[in-house]
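Values quoted throughout were computed directly from the atomic coordinates according to the rules given, and no laboratory measurement underlies them. Small disclaimer: the values here were computed from a predicted structure and weren't measured. For neighbour counting, all protein chains shown are included, and Cβ atoms are generated from backbone atoms with ideal geometry for every residue, glycine included.
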């Protein structure tokens, strides 16, 4: 299963990924559906390579402080 790597993410990394997913992938979702749980479900279906790339972009652009 591709989501097996989620438990090894640091809290700061998870926060960065959630922020990216909520702002980019959930841009047109109703506000009541934009939750951490929904973001985690979305992240879990991404592959580890994609998550690694998203983390790099997030860290390079200081996404965690938005």
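Details
- Note: relative contact order over the chain, using C-alpha pairs below 8 Å and six or more positions apart, is 53 percent.
- Identified option (computed Rg/Rh (Cα atoms, Kirkwood Rh); candidates (1) 0.94; (2) 1.29; (3) 1.15): (1)
- As a rough guide to protection, the peptides 43-49, 30-36 ranked by mean Cβ packing within 10 Å, highest first, stand as 43-49, 30-36.
- Model label sites at residue 32 and residue 45, defined 7 Å from Cα along the beta-carbon direction, differ in position by 2.2 nm.
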